Amino acid sequence: MEINRLQKELTDLYRTTMDYEFRKATYDNRMNSLRKIYEELLEETASACDGSDEALESLAACVPEYAAGDLAGQPSKRKRELKSLDHKMNMVSYFLPLLGLAPTEKAQQLTQRMVDIWNEKMPEYKIGHSTYEGISGGFKKGIFCYITTAVCRSLDKPDDCYELTALRRYRDDYLLMSDGGRELVEEYYNIAPTIVKRINREKNPGEIYRGIWQEYLRPCIRLIEENRNEECREVYSRMVRKLEKDYMTGQQEGDER
């Protein structure tokens with residue numbers, strides 16, 4: 001049946017994007033390439049969704065069902081937790097944004113229904129809706145404070161906490177305006193998503209984030225408060241170099257292409 005074929009092809013596409021890394025420098029080119037390669041599949045998916053709500057429901061369910069089955073088949077809780085990070089990252093960074101580019105007014109309905117089914121089947125591994133425009137635009141605006149946000153969340157601090165607000169203000173008002181600062185920020189945003197993902201795959205991510213907080217971010221906050229902006233930049237640069245060395249040098253088991 002046509003729907004069965006589309007379900008299989010969408011699942012195969014999802015499995016393909018599981019192998020892609022999520023980096024600012026390559027994201028737009030990767031998405032444009034995927035859009036061209038899978039143009040026919042996106043058009044057929046759009047046509048099926050426009051044809052009936054039943055078809056839309058069936059197509060929305062195929063990938064969540066595949067992911068749930070893959071996680072259920074993992075031999076241990078630890079492996080299941082690690083695998084869930086791969087699935088969640090793939091879903092929100094590549095698959096949903098790509099499917100949202102299908103040429104139909106129901107693209108948003110399809111991807112949102114896919115998120116709903118995912119969260120129903122895997123409530124312990126919930127995801128949110130995402131779009132290509134939102135992710136690409138976020139990169140361009142520089143709003144992805146991946147590492148600092150991950151650290152603060154590990155310490156139960158909200159997204160609008162004093163520390164994150166201070167660091168963002170420092171980035172926007174000083175670092176981006178200083179000589180070479182924009183290049184440093186660009187490099188940070190290029191590697192930070194992969195670094196966070198690799199830290200989350202470690203056995204002790206909370207301990208690692210606390211170490212980053214103690215050694216780099218808390219000193220940065222103190223230096224910002226004392227208006228010692230250039231010294232803060234030195235600490236910031238050391239953090240980027242250290243994390244790049246620890247988590248971006250060589251290939252780690254399970255890394256993406």
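The values are calculated or read from the model by the stated rules, or taken from the named source; none is laboratory data. None of these values were measured; they are calculated from a predicted model. So basically every Cβ, Gly included, is an ideal-geometry build from the backbone, and we count neighbours across all protein chains shown.
Specify the residue that is modelled with the lowest pLDDT; the eligible residues are those in the range 24-44 that are buried (at least 18 other Cβ atoms within 10 Å of the Cβ) and under 15 Å from K197 (Cβ atoms).
Only one residue fits best here, namely K24.
One line per residue, one yes/no per condition, for (1) touching a strand residue (DSSP E or B) at 6+ places or on another chain (Cβ under 7 Å); (2) exposed (fewer than 13 other Cβ atoms within 10 Å of the Cβ); (3) not charged (D, E, K, R):
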position	(1), (2), (3)
I147	no, no, yes
D156	no, yes, no
R182	no, no, no
N190	no, no, yes
R198	no, no, no
E226	no, yes, no
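Pull out all pairs, ordered by first then second residue, where Cβ-Cβ is under 9 Å, the residues are six or more apart or on different chains, the first lies in the range 224-236 and is without any contact (Cβ under 8 Å) to a residue 24 or more places away in the chain and of a type outside the set (D, E, K, R), and the second is exposed (fewer than 15 other Cβ atoms within 10 Å of the Cβ) and not in a loop (DSSP other than H, G, I, E, B).
V235/E215
Sort out for me the helices (runs of 4 or more DSSP H) sitting completely within the range 151-257 that have 2 or more residues that are in contact with a helix residue (DSSP H, G or I) (Cβ under 6 Å, 6 or more places away or on another chain) and not hydrophobic (A, V, I, L, M, F, W, C).
Here the list reads 162-173, 181-200, 205-212, 229-248.
What is the number of the single condition among (1) farther than 30 Å from K79 by Cβ; (2) surrounded by 18 or more Cβ atoms within 10 Å (Cβ to Cβ) that D173 does not meet?
For D173, the exception is condition (2).
Output the number of residues of the range 181-212 satisfying the condition of being among the small types (G, A, S) and within 16 Å of E21 (Cβ to Cβ).
Looking only at that region, the number is 1.
Of all residues in the range 75-104, which are farther than 11 Å from S130 by Cβ, in contact (Cβ under 8 Å) with a residue 24 or more places away in the chain and part of a loop (DSSP other than H, G, I, E, B)?
L101, A102, P103, T104 - these are the residues of the range 75-104 that are farther than 11 Å from S130 by Cβ, in contact (Cβ under 8 Å) with a residue 24 or more places away in the chain and part of a loop (DSSP other than H, G, I, E, B).
For the structure I just gave you, tell me whether E57 is more than 21 Å from I127 (Cβ to Cβ) and in the same structural domain as F95 (by TED's automatic domain parsing).
Answer is no for this residue.
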